[in-house]
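Have a look at the structure below before the remarks.
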Amino acid sequence: MPNINIYSHACFLENPYEAIGYGVIVKLKDATKTFSKGFQNTTINRVEMQGIIDVLTLYNNPCKFTVYTESRYIVDGIEKGWARNWRRNGWKKYDGSPAKNRDLWERLLDLTEYHKVKFVRNHENMYMYLERCHELAYWATLAQTHK
């Protein structure tokens, strides 16, 4: 089972609901691939989740992934079991309010159950990659402002 590192970051320009983009770097041994995409009228949490989902869906055979991100929302949602609890409770949070981004959480949970995925936040080895992810996200975001 290959061990693959994913570095993910999202950014927005001024108003986060007008244009947002993600940048993702995938590292497998010495090979590196980059991905980016821009969106309009959404949230940064959705865009960063979408970037991770987009990459995980590229792999048809089960793999071992470590996902590095600054998103506490995503890391805690998976690593602390929040999303699994929301799903078990009919997509309700502990206070009874609806969980946000259900569609993306469902897809991400399915992918983490197919692949072996660990999410890491703010790890010292990730920052050189996150700077490049930010550049990719910036250019994808900028492209959305010109549509």
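The values are calculated or read from the model by the stated rules, or taken from the named source; none is laboratory data. Note that the structure is a prediction, hence the values are computed from the model and not measured. Please note: Cβ atoms are built from the backbone with ideal geometry, for glycine as well, and neighbour counts cover all protein chains shown.
So which helices (runs of 4 or more DSSP H) stay within region 69-147 end to end and still have 3 or more residues that are touching a His at 6+ places or on another chain (Cβ under 6 Å) and at pLDDT below 95?
Numbers: elements: 72-79, 82-88, 102-114, 127-145.
Answer list for region 69-147: 127-145.
Tell me, please, whether a residue that is under 13 Å from the mean Cα position of the chain (by Cα) and among the polar types (S, T, N, Q) can be found in region 33-42. Explain how you work it out, then say what you get.
Initially, region 33-42 is screened for residues under 13 Å from the mean Cα position of the chain (by Cα), giving 35-37.
Applying the additional criterion that residues be among the polar types (S, T, N, Q) yields 36.
Checking region 33-42: at least one residue is under 13 Å from the mean Cα position of the chain (by Cα) and among the polar types (S, T, N, Q).
Got at least one residue in region 45-59 being within 22 Å of Y114 (Cα to Cα), over 10 Å from the mean Cα position of the chain (by Cα) and assigned to a strand (DSSP E or B)?
Scanning region 45-59 turns up no residue that is within 22 Å of Y114 (Cα to Cα), over 10 Å from the mean Cα position of the chain (by Cα) and assigned to a strand (DSSP E or B).
What number of residues in region 1-44 are part of a strand (DSSP E or B) and farther than 10 Å from T141 by Cβ? Explain how you work it out, then say what you get.
Filtering region 1-44 for residues part of a strand (DSSP E or B) gives 3-12, 19-28, 31-40.
Of the ones still in play, those that are also farther than 10 Å from T141 by Cβ are 3-9, 24-28, 31-35.
Here the count works out to 17.
Surrounded by 14 or more Cβ atoms within 10 Å (Cβ to Cβ), over 20 Å from F12 (Cα atoms), in contact with a strand residue (DSSP E or B) (Cβ under 7 Å, 6 or more places away or on another chain) and not charged (D, E, K, R): which single residue out of H134, H115 fits that description?
Working: H134 fails: over 20 Å from F12 (Cα atoms).
H115 is the lone residue from the list that is surrounded by 14 or more Cβ atoms within 10 Å (Cβ to Cβ), over 20 Å from F12 (Cα atoms), in contact with a strand residue (DSSP E or B) (Cβ under 7 Å, 6 or more places away or on another chain) and not charged (D, E, K, R).
Go through region 69-95 and give me each residue that's touching a residue at least 24 places away in the same chain (Cβ under 8 Å) and of a type in the set (A, V, I, L, M, F, W, C).
I74, V75, I78, A83
Can you pull out the residues in region 78-98 that are over 22 Å from F65 (Cα atoms), surrounded by 11 or more Cβ atoms within 10 Å (Cβ to Cβ) and aromatic (F, W, Y)?
W86, W91
Could you list, ordered by first residue, the pairs with Cβ atoms under 7 Å in which the first is in region 96-112 and under 17 Å from K80 (Cα atoms) and the second is of a type in the set (K, R) and modelled with pLDDT under 95, at least 6 apart or interchain?
A99/K93
Picking from T66, T43, T57, which residue would you name as being surrounded by 15 or more Cβ atoms within 10 Å (Cβ to Cβ) and at pLDDT 95 or above? Please lay out each step first, then the result.
Values: T43 fails: at pLDDT 95 or above; T57 fails: surrounded by 15 or more Cβ atoms within 10 Å (Cβ to Cβ).
Matching residue, one of T66, T43, T57: T66.
Which ones in region 1-24 are among the β-branched types (V, I, T) and either within 17 Å of N61 (Cα to Cα) or surrounded by fewer than 23 Cβ atoms within 10 Å (Cβ to Cβ) (or both)?
I4, I6, listed by residue number.
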